[in-house]
Amino acid sequence: KPEYTLGIIYVVRDPRNVITSLKNHYDLDYEQSLDFMLNEKKYIYDIQEKNDFADFHFLSSWSNHYKSWINNNLLKKMVIKYEDLENDTFKTLKNLIIYINTLNQTKDKVDEKKINNCIKTTNFEILKNKEKKEGFLENVYSKKTNKKIDFFNLGPKNKWRKIIPKEFHEKINNIFKEDLKNLKY
């Protein structure tokens, strides 16, 4: 509701790379990961305590989820491609700060030194090492091995063309054909 929200920041990611992340995070195979993304009734329920729905998140399908956010015209919004965060991190973060300042109606100058420090301290390898040493709240356990699955898995090495089996490429490209076109992937 506009009376409770200044604006939306939505990060969208190439669905073919989402599949590889889901595969790792939930310990699924490619078909199960694809089914997860196509399920219009999909939800996640992180902590299942009796009568506590605080961690219930309705997702719907990947396509419906992103469309529900980017087609929302009730609120100001900024849509960021995950790939832009990887490929032009500085510019993307600077634009994000400008957007937030605009929402807050502040005239604060963008501190480029802080942006560079943010980029440096949130480097994927630094976060991956921190997870190994200290753990990470978002980890889940494998249902197959009962071991924790690394949250920081591939990061910038998550390139679907190199990871997903070739015979699966055409299938996912056809399924997400319109979405890929709409998002210019």
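The values are calculated or read from the model by the stated rules, or taken from the named source; none is laboratory data. The model shown is predicted, which means the values in this text are computed figures rather than measured ones. Cβ atoms come from the backbone with ideal geometry, glycine included; neighbour counts cover every protein chain shown. Ligands, DNA and RNA are stripped out before the accessible areas are found, and what is left, the full protein with its side chains, is counted by its heavy atoms. Shrake-Rupley method; radii C 1.70, N 1.55, O 1.52, S 1.80 Å.
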Cβ pairs under 8 Å, 6+ apart or interchain, first in the range 110-126 and closer than 11 Å to Phe90 by Cβ, second hydroxyl-bearing (Ser, Thr, Tyr) and at pLDDT 95 or above, ordered by first then second residue, are Ile119/Thr89
Look at the range 141-160 and say how many of its residues are closer than 17 Å to Thr20 by Cβ and without any contact (Cβ under 8 Å) to a residue 40 or more places away in the chain. 3
Please tell me if Leu137 is part of a helix (DSSP H, G or I) and at negative phi. no
Whether any residue in the range 117-130 is of a type outside the set (Phe, Trp, Tyr), over 30 Å from Tyr26 (Cα atoms) and at pLDDT 95 or above is what I want to check. yes
Just checking, which of Asn146, Asn117 is in a helix (DSSP H, G or I), open to solvent by 60 Å² or more (accessible area, probe 1.4 Å) and of a type in the set (S, T, N, Q)? Asn117
Answer with yes or no whether Asn174 is polar (S, T, N, Q), open to solvent by 80 Å² or more (accessible area, probe 1.4 Å) and either under 22 Å from Leu28 (Cβ atoms) or at pLDDT below 95 (or both). yes
The range 12-40 residues that are touching a residue at least 60 places away in the same chain (Cβ under 8 Å) and farther than 23 Å from Ile70 by Cβ, paired with ones that are assigned to a helix (DSSP H, G or I) and of a type in the set (Ser, Thr, Tyr) (beta carbon under 8 Å, 6 or more apart): Tyr26/Ser33
Number of positions in the range 151-170 that are within 22 Å of the chain's Cα centre (by Cα), open to solvent by 60 Å² or more (accessible area, probe 1.4 Å) and more than 16 Å from Arg13 (Cβ to Cβ): 1
Against the definition (in contact with a Pro (Cβ under 9 Å, 6 or more places away or on another chain) and under 24 Å from Leu22 (Cβ atoms)), how does Glu138 come out, yes or no? no
Restricting attention to the range 7-43, and to residues there that are exposed (fewer than 13 other Cβ atoms within 10 Å of the Cβ) and over 23 Å from Ile163 (Cβ atoms), which single residue is modelled with the lowest pLDDT? Tyr43
Top-ranked residue in the range 72-86 [being under 16 Å from Leu183 (Cα atoms) and among the aliphatic types (A, V, I, L, M); ranked as most open to solvent (accessible area, probe 1.4 Å)]: Val79
Output the residues belonging to the range 94-107 that are charged (D, E, K, R) and either touching a residue at least 40 places away in the same chain (Cβ under 8 Å) or open to solvent by less than 100 Å² (accessible area, probe 1.4 Å) (or both). Lys94
Which of the residues belonging to the range 149-172 are closer than 22 Å to Asn87 by Cα and part of a helix (DSSP H, G or I)? Gly155, Pro156, Lys157, Trp160, Arg161, Lys162, Ile163
Hits in the range 161-185 - residues which are of a type in the set (S, T, N, Q) and in contact (Cβ under 8 Å) with a residue 12 or more places away in the chain: Asn173
Lone unmet requirement of (1) more than 25 Å from Ile80 (Cα to Cα); (2) within 22 Å of the chain's Cα centre (by Cα); (3) in contact (Cβ under 8 Å) with a residue 24 or more places away in the chain for Glu131: (3)
